[in-house]
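Accompanying notes for the structure given below.
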Amino acid sequence: MEVQRGSPLGERLQVLVEAGRLGTTALEEIQLAKIRLRELLQRMPEKPIIATLTVPPRTFTPGQLLREIELETPVGRQWIQAELQHVKRILQLARRA
Amino acid sequence: MPQSSVSLFILPRKHYLEYGSCVAKHLLRQHGRGTIIALEGDEASPESIDRAIQQYDPAFIFGIGHGKPDLYTVECTQEYLRVGSPREELMKGRIIHLNSCYTGARLGSSLVAKGALAFLGSVEPFYFYIAEPPCSSRASMTVFLAEHQAAVSILSGRSARQAHVDRLHAYEREIEHWLTGPGRDHPHAPLLTRILQIDQSIAVMRGKGEASIAPPARAAILPVQMATAIGFAAIALSW
């Protein structure tokens, strides 16, 4: 389940779906991505869940990843961009349905 | 002239690398072609890799490891390839696929400039899921099933560009699995789709897109004794 039907976030996304866009400004889109990622990560248990093939090797708990996203570090920006692409994918699916 | 029917797989295990290495082995068992030298765990060391390249002269080298824009490391994060190091010359005439963070940003282009035929890699951090043990589930394998599709395609004789496209399609299949397919009810399905989305978006191919290794006969055999005789514990997988 990507977005709960009837929730404030769901209704906001529905408006955007009907308008065929994600937000009016890039800043609004980033805020939307952050909200969605917060909703996703806050529900997860706080244990290492993701690793990277970086030097040095890194692991992230959902909370650690969320901090990167909130601070818009390079890692956080990567996740925000991915979230925007992901939402666009969902919008395309919704239009096809 | 590299041997078109020979491939080298560098499969370290420590520092979470078992997650990728076990998937590569799984895919090799299913789709391996020609003669494959697999250096696993402690054998995925700089010295063993150099010896394997000199002895077998593989046309295709696939490596898992931790990386930086100018660095690829192997078991225990030992440095193996660095931009500007003499070892770059060893990659001349070969197709290289490094499953590591960032190496597509600088190292890949540098290897191509030094004579590697083509390079496949990633330009930013490559993420994978560690909430379940390595190869214990589709979730723990998913990003590697997609990323390693490029290696499977190279082994089957497809060009570097085709292998890159095959890899992107494999990411799409994995995303679909978790988004709308049988995996959609997995508790971490939304997270897995994001990880796949990122890893797909950072996949790059450098060099000659038309480069390929000749599709080898399935019956090519490398005697295991030969590998043992030269003093390193290679696993010779032949099909």
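Taking label positions 7 Å along the Cα-Cβ direction at both A:Arg38 and A:Leu91, the computed distance is 2.1 nm, reported to one decimal. For region B:98-162, the gyration tensor built on C-alpha atoms gives an oblate shape. Its axis ratio a/c (a ≥ b ≥ c) is at least 1.5, and a/b is not larger than b/c. Binning the C-alpha pair distances of chain B at 10 Å intervals from 0 yields a P(r) profile of 8, 35, 39, 15, 3, 0 %, listed from the shortest bin outward.
Contour minus end-to-end for B:His169 and B:Ser136, with contour as 0.36 nm per residue of separation and end-to-end as the Cα-Cα distance?
The span from B:His169 to B:Ser136 would gain 9.5 nm if fully extended.
Most simply put, the protein assembly as shown has about 50% antiparallel DSSP beta bridges, counting only bridges with both residues inside it.
Which of rounded, prolate or oblate describes region B:147-187 when judged by the alpha-carbon gyration tensor and an a/c cut-off of 1.5? Don't jump to the answer; show the numbers that get you there.
Working: a/c = 4.34, a/b = 3.13, b/c = 1.39.
Since a/c reaches 1.5 and a/b is larger than b/c, the shape of region B:147-187 is classed as prolate.
Every helix of 4 or more DSSP H residues in chain B counts as -39500 (n - 2.57), and over all residues that averages to -11000 deg cm²/dmol at 222 nm. Local charge for B:Arg158 was computed over the other residues whose Cβ lies under 15 Å away, with Lys and Arg +1 and Asp and Glu -1, and equals +2. Beta-bridge orientation, chain B: approximately 40 percent antiparallel, per DSSP, counting only bridges with both partners inside. Partnerless cysteines in chain B, where a partner means another cysteine C-beta under 4.7 angstrom, comprise B:Cys76, B:Cys101. Dipole size of chain B about its Cα centre, with +1 on Lys/Arg Cβ and -1 on Asp/Glu Cβ: approximately 480 debye, rounded to the nearest 20.
Here the Debye sum runs over all C-alpha atoms of region A:48-97 as equal scatterers in vacuum, and log10 of I(q)/I(0) at q = 0.29, 0.31 Å⁻¹ comes out as -1.05, -1.11. Peptide packing: for B:83-93, B:68-78, B:126-136, the average count of neighbouring Cβ atoms within 10 Å per residue gives the ranking B:68-78, B:126-136, B:83-93, highest mean first. Averaging 1/r over every pair of different alpha carbons in the protein assembly as shown and inverting the result gives a Kirkwood radius of 20.6 Å.
None of the figures in this text is laboratory data; all of them are computed from the coordinates on show. Just so it is clear, the model here is predicted, and its values are computed rather than measured. We place every Cβ from the backbone using ideal geometry, glycine too, and count neighbours over all the protein chains shown.
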